[in-house]
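Okay, structure first, notes after.
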Amino acid sequence: MWVQVSSCRGCLECPQHIHTDANTLVSFSEFCQAFGFPSGPAGANTLLLFYELWSQNGVLVQKGRASDCPHLGYHPETVLFGPHGYLFSVLEEHEEVSSILLYSNYTPCMEPPNWCVDSVLNFLERHPWIRLDLFFSQLHNPQNPQNQAGLRSLASLWPRVTLSPLSGNAWGALIRRFVKDAPPSATRDPLPLGRTAADRLNATRLSAITGIGPAFMDLTPREDTRPGAPRAKAQPLILLPPPHLHTRRIHTPARQEPASPRPRPQRPLLRPINVVRHVRMPPPRPVQLTPPLESSTPPPLLLPGRVVEVVQLVDKEAETDSSSKRSSKRGWFKFRKTK
């Protein structure tokens, strides 16, 4: 798919359907025409999608922009998530990517010949570790039953896949990251009433189709026109915050009295794996000591328990040399049993 789009000659934008990093930014006029900002849906025929690839450590790996190819009839989701889409080659080089964030002016369709929802589902099935968060500004043909079934298929993968209409702070994050000449008033809060009403309608329709509420909503509440009524402040409704939106909510816990210390639970004794068995030995037999012998008599090497009589026999040898004065004695021991 990526090779076919790159080699197409009948489209004015080919082969530049995907722009990354510094070439991702678009003009403010082009952004407003595609996303219907700030007045509301403009019914644009162009399809524009921005994406961000995030690692598990919260590091932005790549950001880019994808557009449709009118000559071949490919939508941005098909160019990115198709069988030979661009993101397949990106994940082969960057295995650390764990989350994909999409900003699209329309929700993915389930119409021939693109079948964008099927392409996204097939991509997620082949990459089970990827999380997908989709923000959109308008529902694509919500009366079509096939498109409704496609949205329900995506919503059924919650919380791995989230669907949310662009609203509040999400608009500001999108403009600051992908629009190059936006005026400072474009990111200020609150948004114009037309855009806020369109975002609220998108959330209502999405909930009616899928049965699941948006994962992120930041709508300005309706003000109370009664005299002296306090002005309501906008607070984002976050069911499952995407990893890129670092929305800080200050939570003050209720004051509680210090609880009494609880006894520390005892750890259960574990049975040893190796069991050592001790063999009981018989008691030693009593030893009868023999009377001490003379110092010249070597100690007998006898086993205890038997009574014996020790007799020493000494023989003299005849002198064989007259000049030799030495004489030797040879002795041995003889043992007899006594009755």
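The values are calculated or read from the model by the stated rules, or taken from the named source; none is laboratory data. Quick caveat, the model's predicted, so the values are computed rather than measured. Glycine gets a Cβ as well: all are built from the backbone with ideal geometry, and neighbour counts include every protein chain shown. Remember, those area values only see protein heavy atoms, side chains included, never the ligands or the DNA or RNA. Shrake-Rupley method; radii C 1.70, N 1.55, O 1.52, S 1.80 Å.
The set of residues in the stretch 117-154 being of a type in the set (G, A, S) and open to solvent by 10 Å² or more (accessible area, probe 1.4 Å) consists of S119, A149, S153.
Looking at N114, is it surrounded by fewer than 23 Cβ atoms within 10 Å (Cβ to Cβ) and in a helix (DSSP H, G or I)? So N114 fails the test.
Is it fair to say Q148 is in contact (Cβ under 8 Å) with a residue 60 or more places away in the chain, over 23 Å from N23 (Cα atoms) and in a helix (DSSP H, G or I)? Talk me through it step by step, then tell me what you get.
Numbers: in contact (Cβ under 8 Å) with a residue 60 or more places away in the chain: yes; over 23 Å from N23 (Cα atoms): yes; in a helix (DSSP H, G or I): yes.
Judged against the criteria, Q148 is a match.
Candidates are the residues of the stretch 121-134 that are farther than 27 Å from F37 by Cα and of a type in the set (A, V, I, L, M, F, W, C); the one that is nearest to the chain's Cα centre (by Cα) is W129.
For P184, the conditions (1) farther than 21 Å from M110 by Cα; (2) at pLDDT below 90; (3) surrounded by 20 or more Cβ atoms within 10 Å (Cβ to Cβ) are fulfilled apart from (3).
Pairing residues of the stretch 60-73 that are more than 15 Å from L102 (Cα to Cα) and small (G, A, S) with residues that are open to solvent by 20 Å² or more (accessible area, probe 1.4 Å) and at pLDDT 80 or above, at Cβ distances under 8 Å and at least 6 apart in sequence or on separate chains, gives G73/P113.
Filtered by the rule that a residue be out of contact with any strand residue (DSSP E or B) (no Cβ under 7 Å at 6 or more places or on another chain) and open to solvent by 30 Å² or more (accessible area, probe 1.4 Å), the stretch 155-173 gives S156, L157, W158, P159, N169.
Close Cβ contacts (under 8 Å, 6 or more residues apart or on different chains) running from residues in the stretch 112-130 that are in contact (Cβ under 8 Å) with a residue 12 or more places away in the chain and at negative phi to residues that are outside any helix (DSSP H, G or I) and among the charged types (D, E, K, R) comprise L124/R160.
Taking the condition polar (S, T, N, Q) and within 22 Å of the chain's Cα centre (by Cα), does S137 pass? Spell out how you get there, then give the answer.
Numbers: polar (S, T, N, Q): yes; within 22 Å of the chain's Cα centre (by Cα): no.
No; evaluated as a whole, the condition is false for this residue.
All conditions but one from (1) farther than 22 Å from N45 by Cα; (2) outside any helix (DSSP H, G or I) apply to L124; the one that does not is (2).
Is it fair to say N45 is of a type outside the set (F, W, Y), open to solvent by 70 Å² or more (accessible area, probe 1.4 Å) and over 28 Å from W129 (Cα atoms)? So N45 fits the description; yes.
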